[in-house]
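Asks: Attaching a single structure in structure tokens format; questions to follow.
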Amino acid sequence: MPRQTDSSPIAVGVVGLGSLGRRLCQQFVELPRSDLVAVSDVDPDGLAEVGDSFDVPEAHRYRSFEAFLDSAPMDAVAVATPNGLHYEQTSAVLDRGLHVLCEKPLATDAEEAYELTTRAEASDQTVMVGYQRHFNPAYKRARDEWADGDRVPRFITGEVTHDWQSYYEQEDDWRMNPELSGGGHLLNVGTHVIDAILWTTGLTPTHVNAYVDFHDDEQVFDRQSSINIEFAEGAIANVSDTGVVARTREHVHIWDDEGAIYLEGHEWDDRTGYVIDDEGTEHHPYDGYERWLSKGTAFLDAIETGETPPATARDGLKAVLITMAAYESGRRNERVALDELYPFASDVFQ
């Protein structure tokens, strides 16, 4: 990737002005290395509100995504639209030669996610996916031990709970639109736990066996699921997620012969962690947050240095493959092999 050598701020546009998009707008306004120069959304009221809040000129507020790409003076784009638009919009941004931060998931189709990853890895542009646990110090500690270390995980559990019940009652919400959502709670929220397990352990998944509680007869929108992931290295992971409970809690527990690291989350506060040694003693190391990165900061860092971003397109692809395999396993009610579902899977997880 080329290094950003111009000393002027990086001109960034944001498409999709829901809660995620607004947070990104706030970050790009507050960071001195970037200018929020354009915004785009199909909702005229939200577009006006965000434009006014962040002093975006009216001429650079676009309801048309195509006009946004064709006319706005941008170096980079953050894609924070509904899931089903990510593939098409990220592809269009790459076509324009711009850097792109795509919110998760990378795509709602495994083949499309693979195509985007192939393009991203062959390009000179920075392509980052919005998995913020990749720059959380507690998760980085786990990655240092396993994916980047010499320890081998044996047993992993992951769980996330969340209240999605109001969405299931609102058929007009985009999350209940198959073209815009592409899936339910697992694809939208559970993906964080799947990604965290894959990223911290570096293991090679081979099979998925899932029970999925679908909300609809077409088996698109899941309410909750229980997933078993088998790995070539001999480890197994049990992942559970639900959108039909009152509050948000999250954990990822990774065990090997030397002990474990427990990664915990309450609501949407910063995730924390602690270590269990081989005698069962708990240690609570300080994983200081002095260098806590926002998505915007991490994205700008990668653009300026030309280094690989903390969460890559390949990371996004891996999470999509496991998620879609879980959906397929749930629909078939049987264990599935990744390389039978996706001929390119062995190359992805090499």
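The values are calculated or read from the model by the stated rules, or taken from the named source; none is laboratory data. Just so we're clear, the structure is a prediction, and the values are computed from it rather than from any experiment. Here the Cβ positions follow ideal geometry from the backbone for every residue, glycine too, while neighbour counts run over all protein chains shown. Ligands, DNA and RNA are excluded from the accessible area calculation, which covers all protein heavy atoms including side chains. Shrake-Rupley method; radii C 1.70, N 1.55, O 1.52, S 1.80 Å.
Asks: Please go through region 69-83 and give me each residue that is more than 22 Å from ALA298 (Cβ to Cβ) and touching a residue at least 40 places away in the same chain (Cβ under 8 Å), ordered by number. Let's see the steps before the verdict.
Replies: Pass one, region 69-83, residues more than 22 Å from ALA298 (Cβ to Cβ): 69-73, 82.
Of everything in region 69-83, those that are more than 22 Å from ALA298 (Cβ to Cβ) and touching a residue at least 40 places away in the same chain (Cβ under 8 Å) turn out to be ALA72, PRO73, PRO82.
Asks: Name every residue in region 316-342 that is open to solvent by 10 Å² or more (accessible area, probe 1.4 Å), assigned to a helix (DSSP H, G or I), under 19 Å from GLY182 (Cα atoms) and touching a residue at least 12 places away in the same chain (Cβ under 8 Å), in order of residue number. Reasoning before the result, please.
Replies: Keep residues of region 316-342 that are open to solvent by 10 Å² or more (accessible area, probe 1.4 Å), which gives 318, 324, 328, 330-335, 337, 339-342.
Of the ones still in play, those that are also assigned to a helix (DSSP H, G or I) are 318, 324, 328, 330-332, 339-341.
With the extra rule that they be under 19 Å from GLY182 (Cα atoms), the set shrinks to 318, 324, 328, 330-332, 341.
Passing the criteria: LYS318, MET324, GLU328, GLY330, ARG331, LEU341.
Asks: All but one of (1) within 27 Å of ALA122 (Cβ to Cβ); (2) part of a helix (DSSP H, G or I); (3) among the small types (Gly, Ala, Ser) hold for GLY51; state the number of the condition that does not hold.
Replies: (1)
Asks: Moving on to the next point. Residues that are within 30 Å of PHE214 (Cα to Cα) and not basic (Lys, Arg): list the strands (runs of 3 or more DSSP E) wholly contained in region 235-287 that include at least 2 such residues. Walk me through it before giving the result.
Replies: Working: elements: 236-242, 244-256, 259-266, 272-276.
Correct list: 236-242, 244-256, 259-266.
Asks: Further question on the same structure: Every residue in region 65-90 that is closer than 17 Å to LEU24 by Cβ, among the aliphatic types (A, V, I, L, M) and open to solvent by 30 Å² or more (accessible area, probe 1.4 Å), please.
Replies: Matches in region 65-90: LEU85 only.
Asks: Right, next: Could you tell me whether GLY190 is in contact (Cβ under 8 Å) with a residue 12 or more places away in the chain and assigned to a loop (DSSP other than H, G, I, E, B)? First the steps, then the outcome.
Replies: Values: in contact (Cβ under 8 Å) with a residue 12 or more places away in the chain: yes; assigned to a loop (DSSP other than H, G, I, E, B): no.
It is false that GLY190 is in contact (Cβ under 8 Å) with a residue 12 or more places away in the chain and assigned to a loop (DSSP other than H, G, I, E, B).
Asks: Follow-up question, since we're still on this one. Anything in region 190-199 that is open to solvent by 10 Å² or more (accessible area, probe 1.4 Å) and of a type in the set (A, V, I, L, M)? List them, or say none. Even if it seems obvious, please write down each step before you answer.
Replies: Taking region 190-199 and keeping what is open to solvent by 10 Å² or more (accessible area, probe 1.4 Å), we get 192, 198-199.
Scanning region 190-199 gives a single hit, LEU198.
Asks: Now for a separate question. Pick out the one residue from ALA113, ALA107, ALA120 that is open to solvent by less than 30 Å² (accessible area, probe 1.4 Å), of a type in the set (Gly, Ala, Ser), assigned to a helix (DSSP H, G or I) and out of contact with any strand residue (DSSP E or B) (no Cβ under 9 Å at 6 or more places or on another chain). Quick ask: steps written out before the conclusion?
Replies: Values: ALA107 fails: assigned to a helix (DSSP H, G or I); ALA120 fails: out of contact with any strand residue (DSSP E or B) (no Cβ under 9 Å at 6 or more places or on another chain).
Of ALA113, ALA107, ALA120, the one residue that is open to solvent by less than 30 Å² (accessible area, probe 1.4 Å), of a type in the set (Gly, Ala, Ser), assigned to a helix (DSSP H, G or I) and out of contact with any strand residue (DSSP E or B) (no Cβ under 9 Å at 6 or more places or on another chain) is ALA113.
Asks: Pull up region 213-229, narrow it to residues that are surrounded by 24 or more Cβ atoms within 10 Å (Cβ to Cβ) and not hydroxyl-bearing (Ser, Thr, Tyr), then point me to the one that is nearest to ALA326 (Cα to Cα). Write out each step before concluding.
Replies: So in region 213-229, the residues surrounded by 24 or more Cβ atoms within 10 Å (Cβ to Cβ) come out as 221-222, 225, 227, 229.
If we keep only those that are not hydroxyl-bearing (Ser, Thr, Tyr) as well, we get 221-222, 227, 229.
Values: PHE221: 13, ASP222: 11, ILE227: 7, ILE229: 9 Å.
Within region 213-229, the match that is nearest to ALA326 (Cα to Cα) is ILE227.
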